[in-house]
Amino acid sequence: MNIGIVGLGLIGGSLGLDLRSQPNLHYVWGISRNQTTCDRAVALGAVDVASQNFASIPQIDRTDVVFICTPISAILPAIASVIPHISQTAIITDVGSVKSSISLQGQMLWSRFVGGHPMAGTAFSGIEAAERSLFQQRVCVLTPGIDRAALEMVRSIWESVGATVYESSPEAHDRAVAWISHLPVIVSAGLLLASQREGNNEISQLAQKLASSGFRDTSRVGGGNPELGRMMAEYNQTALLDHLYSYQQTLQDLITMIEQGQWQEIQTALEVAQHLRPLYVRE
Ligand code: NAP
């Protein structure tokens, strides 16, 4: 297959590495904003060719599927930029972490557009952060549109790199990921920011030395890519705010129990939390 990747960072680069290591020898081209990123992507083996300009990609008019892997704000402009260079039968899909603001508009630009979101990531960004097998045993959400065959083609590519595909409406996707991805980023960032409120420098430095696995786990997503976190908040504001208010109320309930020394109530709440975790986390 002839596959294009626009935006050669963590997600785009990782996808390219996996596609190019498959035995069925895809031709994978890439577009990125900076020439140094294009050169590194070729050197790392994430793409066969890469350029800042669509016009200089060989055989771009024979592309089967284009993956848009830019930051969220650049996804719709990137779709518009690739359209003049591809054939009518080509499929365009994306990997953006929000879908309501992308899926419908993407389809208005290109009827063979399929919204997508692989639920995979690390705390790092850019082409140097790209890694093989990032999508292995991960979930990828696709938002069905007008063209069922296009969705099935995109599904088969995600399955070939080890992901399990779920289908969802863009709105349901955004409310669900606000709970399990966007709220945790803000909560985790809040934890890191709150730790700076310690007025005693000696205590603060001691805490930094003592921090171990618990703090590493709870601070991981808040200490990741700030640009990505900002875009989640900006493009999923309504769902994120709804969930943040629920979280604020839950935190207030826990604070009240602690203030009033309701130790049995605290234990009961923590027992409920312990039973809930396996519903979300498979280890
Ligand atoms: P990233 O590592 O920062 O990569 C994005 C790359 O896009 C950058 O390296 C940049 O390349 C390139 N770029 C920026 N603007 C561009 C433009 N206008 N045209 C072409 N290339 C452009 O970010 P990422 O983590 O891979 O995220 C990319 C997308 O995946 C986002 O939409 C995000 O919502 C989604 N996503 C992220 C995660 C995650 O956990 N990281 C998980 C699932 C989905 P240059 O170096 O050339 O500037």
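Numbers below:
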read-out	value
Qualifying positions in the range 192-208 - open to solvent by 70 Å² or more (accessible area, probe 1.4 Å) and either β-branched (Val, Ile, Thr) or within 30 Å of residue 130 (Cα to Cα) (or both)	193, 203, 208
Residue match in the range 36-45 (condition: within 11 Å of the ligand (Cβ to nearest atom), touching a Ser or Thr at 6+ places or on another chain (Cβ under 8 Å) and in contact (Cβ under 8 Å) with a residue 12 or more places away in the chain)	yes
Residue tally, condition under 15 Å from residue 95 (Cα atoms) and open to solvent by 10 Å² or more (accessible area, probe 1.4 Å), over the range 8-25	3
Some residue of the range 100-116 being touching a Phe, Trp or Tyr at 6+ places or on another chain (Cβ under 6 Å) and in a strand (DSSP E or B)	no
Residue 262 within 16 Å of the ligand (Cβ to nearest atom), surrounded by 11 or more Cβ atoms within 10 Å (Cβ to Cβ) and modelled with pLDDT of 95 or more	no
Residue 80 vs. criteria under 17 Å from the mean Cα position of the chain (by Cα) and either part of a strand (DSSP E or B) or at pLDDT 95 or above (or both)	no
Answer residue from the range 108-120, given it is more than 13 Å from residue 67 (Cβ to Cβ) and in contact with a Ser or Thr (Cβ under 9 Å, 6 or more places away or on another chain) and is least open to solvent (accessible area, probe 1.4 Å) among those	120
Test: residue 269 is open to solvent by less than 100 Å² (accessible area, probe 1.4 Å), over 30 Å from residue 70 (Cα atoms) and not polar (S, T, N, Q)	yes
Subset of the range 131-150 that is assigned to a loop (DSSP other than H, G, I, E, B) and within 16 Å of the ligand (Cβ to nearest atom) - its residue that is nearest to residue 40 (Cα to Cα)	131
Qualifying positions in the range 1-28 - within 7 Å of the ligand (Cβ to nearest atom) and in contact with a strand residue (DSSP E or B) (Cβ under 6 Å, 6 or more places away or on another chain)	6, 8, 12
Hits in the range 68-78 - residues which are in contact with a helix residue (DSSP H, G or I) (Cβ under 8 Å, 6 or more places away or on another chain) and under 14 Å from residue 107 (Cα atoms)	68, 75, 76
Criterion: closer than 20 Å to residue 32 by Cα and basic (Lys, Arg) - qualifying residue of 112, 148, 132	132
Residue list for the range 151-209, filter: β-branched (Val, Ile, Thr), touching a helix residue (DSSP H, G or I) at 6+ places or on another chain (Cβ under 9 Å) and part of a helix (DSSP H, G or I)	157, 177, 180, 185, 186, 187
Residue, nearest to residue 102 (Cα to Cα), within the range 131-141, restricted to residues that are open to solvent by less than 80 Å² (accessible area, probe 1.4 Å) and under 13 Å from the mean Cα position of the chain (by Cα)	141
Scope the range 26-62; condition in a helix (DSSP H, G or I) and either open to solvent by less than 70 Å² (accessible area, probe 1.4 Å) or of a type in the set (Gly, Ala, Ser) (or both); matching residues	37, 38, 41, 42, 43, 44, 54, 55, 56, 60
Per-region count, the range 216-230, residues closer than 17 Å to residue 120 by Cβ, open to solvent by less than 50 Å² (accessible area, probe 1.4 Å) and more than 9 Å from the ligand (Cβ to nearest atom)	1
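Per-residue answers, yes or no, for (1) near the ligand (Cβ under 7 Å from one of its atoms); (2) crowded, with 22+ Cβ neighbours inside 10 Å; (3) among the β-branched types (Val, Ile, Thr):
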site	(1), (2), (3)
67	no, yes, no
74	yes, no, no
86	no, yes, yes
95	yes, yes, yes
99	no, yes, no
105	no, no, no
123	no, no, no
129	yes, no, no
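The values are calculated or read from the model by the stated rules, or taken from the named source; none is laboratory data. Remember, predicted model here, so these are calculated numbers, not experimental data. When we count neighbours, we look across all protein chains shown, and the Cβ atoms used for this are built from the backbone with ideal geometry, even at glycine. Quick note on the areas: whole protein, heavy atoms, side chains included, nothing else; ligands and nucleic acids left out. Shrake-Rupley method; radii C 1.70, N 1.55, O 1.52, S 1.80 Å.
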